[in-house]
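**Q** Handing you this structure, nothing more for now.
The values are calculated or read from the model by the stated rules, or taken from the named source; none is laboratory data. All values reported here derive from a predicted model rather than from experimental measurement. Quick reminder, even Gly has a Cβ in these numbers, built from the backbone with ideal geometry, and neighbours come from all protein chains shown.
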Amino acid sequence: MNRLILASGSPRRKELLQKLQVPFDIFPSDADENLPEGIAPDKAVLLLAERKAKTVAESFPEDIVIGSDTVVALGDEILGKPLDSDDAKSTLKKLSGRTHSVFTGVSIIKDGEPQSFFEKTDVTFWALTDEEINRYIETGEPFDKAGSYGIQGYGSLFVKEIKGDYYSVVGLPVSRLYRELKSAGLSF
Ligand SMILES: Cc1cn([C@H]2C[C@H](O)[C@@H](COP(=O)(O)OP(=O)(O)OP(=O)(O)O)O2)c(=O)[nH]c1=O
């Protein structure tokens, strides 16, 4: 049986992959996360998921490597992790009272071949006051998260509606991944 490797330093992805109830190892990827100018969000998450998986798969060619990437998109504008508090504030102001899409790409590399997919989840925010945004930024929660919020944390208070896979917003569409791994020949 091939070993399963999660090419991610995200504690959320680790926790979500544990739901598959199979052993896996973690080797975070140091892949370059810069994107080509004007790339669409679905293409962006597929590109980065594949890059992350490939950099780790080079060291472990015998194993099955999973890479993943999440971005928030407002129309065609990609909102990644905030650079600082001001950036988080401007992102949250943009998301306030509107619907955005969260894209998560996943790439599974087995025998050198990537098998990739993405999930799109639409999230609608309530209108947020400046005070709510400031208080939220003070929790520190936005800083390691795409779109400057965590739906699983205090950010849950901002969410009016969600259409699609909740777990994909948190960073890993685990039920789809389970099915893709089964079709790649893994036994559960
Ligand atoms: C929108 C949203 C994102 N996120 C997280 C998921 C991802 O971990 C992160 C987006 O950054 P990513 O670059 O996708 O991932 P990462 O840097 O955390 O981990 P790695 O590259 O090593 O795999 O934002 C939440 O936890 N909750 C949310 O509601």
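**Q** For the stretch 55-63, indicate whether the set of residues that are closer than 18 Å to Pro114 by Cα, crowded, with 19+ Cβ neighbours inside 10 Å and among the aliphatic types (A, V, I, L, M) is non-empty.
**A** yes
**Q** Among (1) more than 10 Å from the ligand (Cβ to nearest atom); (2) surrounded by fewer than 17 Cβ atoms within 10 Å (Cβ to Cβ), where does Tyr166 come up short?
**A** (1)
The rows are residues; the columns are (1) small (Gly, Ala, Ser); (2) surrounded by 14 or more Cβ atoms within 10 Å (Cβ to Cβ).
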position	(1), (2)
Val106	no, yes
Pro114	no, yes
Phe125	no, yes
Ile137	no, yes
Gly140	yes, no
Tyr149	no, yes
Val159	no, yes
Phe188	no, no
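**Q** For the list (1) closer than 30 Å to Val22 by Cα; (2) assigned to a loop (DSSP other than H, G, I, E, B); (3) in contact (Cβ under 8 Å) with a residue 60 or more places away in the chain, I need the number of the one condition that Gly150 fails.
**A** Failing condition for Gly150: (3).
**Q** Looking at (1) in contact with a Ser or Thr (Cβ under 8 Å, 6 or more places away or on another chain); (2) away from the ligand (no atom under 14 Å from the Cβ); (3) of a type in the set (Asp, Glu), which is the only condition Asp76 fails?
**A** Here Asp76 meets the rest and fails (1).
**Q** What pairs come out if I take residues in the stretch 48-62 that are closer than 12 Å to Asp111 by Cα and pair them with residues that are more than 15 Å from the ligand (Cβ to nearest atom) and β-branched (Val, Ile, Thr) whose C-beta lies under 9 Å away, six or more apart or interchain?
**A** Pairs that qualify, where the first residue is closer than 12 Å to Asp111 by Cα and the partner is more than 15 Å from the ligand (Cβ to nearest atom) and β-branched (Val, Ile, Thr), are Ala57/Ile64.
**Q** If you don't mind, there's one more thing I want to ask. Checking Lys145 against (1) out of contact with any Asp or Glu (no Cβ under 8 Å at 6 or more places or on another chain); (2) more than 23 Å from Glu15 (Cα to Cα); (3) at pLDDT 95 or above, which test does it fail?
**A** Answer for Lys145: the failing condition is (2).
**Q** Which pairs do you get when a residue that is within 17 Å of Ser116 (Cβ to Cβ), found in the stretch 29-44, comes within reach of a residue that is in a loop (DSSP other than H, G, I, E, B) and among the polar types (S, T, N, Q), reach meaning Cβ atoms under 9 angstrom, with the pair 6+ apart or on two chains?
**A** Hits for this filter: Ser29/Ser8.
**Q** Having 3 or more residues that are touching a strand residue (DSSP E or B) at 6+ places or on another chain (Cβ under 8 Å) is the bar; report the strands (runs of 3 or more DSSP E) wholly within the stretch 42-127 that clear it. Quick ask: steps written out before the conclusion?
**A** Values: elements: 64-74, 77-79, 99-110, 113-125.
Once the strands (runs of 3 or more DSSP E) in the stretch 42-127 are filtered for at least 3 residues that are touching a strand residue (DSSP E or B) at 6+ places or on another chain (Cβ under 8 Å), what remains is 64-74, 99-110, 113-125.
**Q** Can you tell me which residue in the stretch 2-34 is farthest from the ligand (Cβ to nearest atom), limited to those that are charged (D, E, K, R) and assigned to a helix (DSSP H, G or I)?
**A** As a first pass, look at the stretch 2-34 and keep what is charged (D, E, K, R): 3, 12-15, 19, 25, 30, 32-33.
From what's left, assigned to a helix (DSSP H, G or I): 12-15, 19.
On the way: Arg12: 5, Arg13: 6, Lys14: 9, Glu15: 10, Lys19: 15 Å.
Looking at the filtered set, the residue picked out is Lys19.
**Q** Sticking with this structure for a sec: With respect to the numbered conditions (1) surrounded by fewer than 22 Cβ atoms within 10 Å (Cβ to Cβ); (2) under 14 Å from the mean Cα position of the chain (by Cα), which one is the sole condition not fulfilled by Phe118?
**A** Checking Phe118 against (1) surrounded by fewer than 22 Cβ atoms within 10 Å (Cβ to Cβ); (2) under 14 Å from the mean Cα position of the chain (by Cα), the one that fails is (1).
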